[in-house]
Each structure stands twice: as structure tokens, then as C-alpha cells.
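*Asks:* Before I ask anything, here is the structure I am working with.
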Amino acid sequence: MLALVERDPTLYFNIKSLFNKLQTPRTSEALFLLVTQAENILEQYAKNFHHLASNTQLRNTQISIQLDRFNQANKYNEEAVQIKTASTTKEKINQEEIRKQEFAAQAVEVPRAKIDELAHAGIHHYNDALIISNEVDLLTNENNVMQRKLAHTKELYRNFTQANLNN
């Protein structure tokens with residue numbers, strides 16, 4: 001039953017409907033108890049399975065955002081390094097051209113402001129990625145707990161079916 005729901009979650013509703021049809025005033029007390037137990041196991045499993053699927057999807061989204069933030073941080077850092085390198089080259093040229101010293105000072109200041117701006121943006125994206133990294137870790141841990149709960153529920157169901165094979 002649990003494997004069917006795992007393969008096709010919409011079967012939950014069919015199984016739930018079957019359980020409802022089996023619970024009538026004419027149903028024997030023993031069968032009524034078995035159906036109720038099976039229904040409770042099904043509900044617990046479906047709830048945990050759905051929670052795991054939602055967490056997995058959210059975790060994958062967070063990982064994607066995290067990678068994007070790291071990529072953006074790297075892009076800004078690379079651009080800052082390129083501008084800094086160009087600025088250094090420009091400074092050397094300006095030192096050789098003493099007669100253009102005033103113009104060179106202004107040309108150096110503009111790239112420094114741009115470098116600071118890009119470095120700040122890169123740091124911002126890197127910090128965002130670190131925050132998302134913590135969220136990913138939390139979701140990973142929660143998924144591990146959900147998988148253990150699902151395994152436990154499967155074991156309960158297996159024990160339940162083994163105990164009631166003759167009924």
C-alpha cells in the first residue's frame with residue numbers, strides 16, 4: 001500500500017475511499033480495528049511523504065539560488081580584479097606622462113570607486129549565498145529526519161501486515 005502511494009501519490013485518495021467503504025455499522029470489530037490502524041499508518045506516511053517532497057523541492061530551489069549568488073559574487077570579484085589591473089596599468093602610464101598628472105589622478109579615482117562598488121556587490125552576493133547555505137543545511141537535516149520517519153512508518157506497516165496476515 002505504501003509503495004503504491006509512493007509511486008503514485010494520487011492513489012492515497014482511492015485507498016482512503018476504500019477504507020471509508022470498509023467502515024460500516026456492519027463491519028466486525030476486529031476488521032474495523034484493522035482498517036483504522038491501516039488508515040492511520042497511511043495518513044502518517046502520506047503526510048511525511050508530502051513533507052519530504054516539499055522540503056526536497058524547497059532545498060533544490062535554495063541550492064539553485066545559492067549557486068546563482070556564488071556565481072554573481074565571483075563575477076563581481078573578477079570584474080573588480082580586471083578593473084584594478086587596468087587601473088594599475090593606467091597608473092604606470094600616468095607616472096611616465098608627468099605633464100598629464102592631473103588627468104591621471106582623476107582617471108585613477110573613477111576605477112577605485114567602481115572597484116569598491118563591485119567588491120561591495122560581490123560581498124553582498126557572497127553573504128546571501130552563505131545565508132542560503134544555512135537554510136539548505138536545515139532542509140537537508142529535516143529531509144533526513146523525514147526519510148527516517150518514512151522508513152519507520154514502513155516498518156510499522158510491515159509489522160502490521162505481518163501480524164494480521166491470517167485475519
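*Asks:* Cross-chain or 8 or more residues apart, Cα under 21 Å: how many lysine pairs in the chain fit that? Count them up, please.
*Replies:* Lysine pairs, 8 or more places apart or on different chains, close enough: 14.
*Asks:* Just to confirm the number: angle between the C-alpha axis of helix 101-163 and the first principal axis of the chain, 0 to 90 degrees, nearest 10?
*Replies:* 10
*Asks:* Which net charge results for the neighbourhood of ALA46, defined as the other residues with beta-carbon distances under 14 angstrom from its beta-carbon, given Lys and Arg at +1 and Asp and Glu at -1?
*Replies:* Details: positive: ARG7, LYS16, LYS47, LYS149, LYS154; negative: GLU6, ASP8, GLU39, GLU43.
It works out to a net charge of +1.
*Asks:* Just add up the charged neighbours of ILE132: K/R +1, D/E -1, any other residue whose Cβ is under 13 Å from the Cβ of ILE132.
*Replies:* On the way: positive: ARG59, ARG69; negative: ASP68, ASP128, GLU135, ASP137.
Net charge in that neighbourhood comes out at -2.
*Asks:* Using only alpha carbons, build the gyration tensor for the stretch 113-166 and give me the equivalent ellipsoid semi-axes, biggest first, whole Å. Don't skip to the answer; put the middle values down first.
*Replies:* Working: eigenvalues 536, 6, 3 Å².
The equivalent ellipsoid of the stretch 113-166 has semi-axes of 52, 5, 4 Å.
*Asks:* Using a 1.4 Å probe on the protein chains only, how many percent of the accessible area of the stretch 113-166 belongs to carbon and sulfur?
*Replies:* Looking at the stretch 113-166 in its full context, I get 55 percent from C and S.
*Asks:* Here's something else I'd like to know. Where does each of 77-83, 23-29 land if you order them by average Cβ count within 10 Å, highest first? Intermediate values should be presented prior to the final figure.
*Replies:* Details: 77-83: 15.4, 23-29: 9.0.
For the peptides 77-83, 23-29, the packing ranking is 77-83, 23-29.
*Asks:* Tell me the volume per residue, in Å³, of the convex hull enclosing the alpha carbons of the stretch 1-92.
*Replies:* Value for the stretch 1-92: 84 Å³ per residue.
*Asks:* With n ≥ 4 as the cut-off for DSSP H runs, can you work out [θ] at 222 nm for the chain, using -39500 (n - 2.57) per run divided by the number of residues, rounded to the nearest 500?
*Replies:* Helix contribution divided over all residues of the chain: -33000 deg cm²/dmol.
*Asks:* Quick one: helix 11-22 against the long Cα principal axis of the chain, what's the angle to the nearest 10°, folded into 0 to 90?
*Replies:* 20
*Asks:* With N set to the number of residues, divide the alpha-carbon radius of gyration of the chain by 2.2 N^0.38 Å and report two decimals.
*Replies:* 2.03
*Asks:* Sequence gap at least 6, Cα distance under 8 Å: using those rules, report the relative contact order of the chain to the nearest whole percent.
*Replies:* For the chain, the relative contact order is 33 percent.
*Asks:* Can I ask one more? In degrees, nearest 10, range 0 to 90: what is the angle between the Cα axis of helix 29-96 and the longest Cα principal axis of the chain?
*Replies:* So the helix axis and the longest Cα principal axis differ by about 10 degrees.
The values are calculated or read from the model by the stated rules, or taken from the named source; none is laboratory data. The shown structure was predicted, so the numbers you read here are calculated from the model rather than taken from an experiment. Every residue, glycine among them, receives a Cβ derived from its backbone with ideal geometry; neighbour counts consider all protein chains shown. In case anyone asks, the SASA skips ligands and DNA or RNA and just uses the protein heavy atoms, side chains included. Shrake-Rupley method; radii C 1.70, N 1.55, O 1.52, S 1.80 Å.
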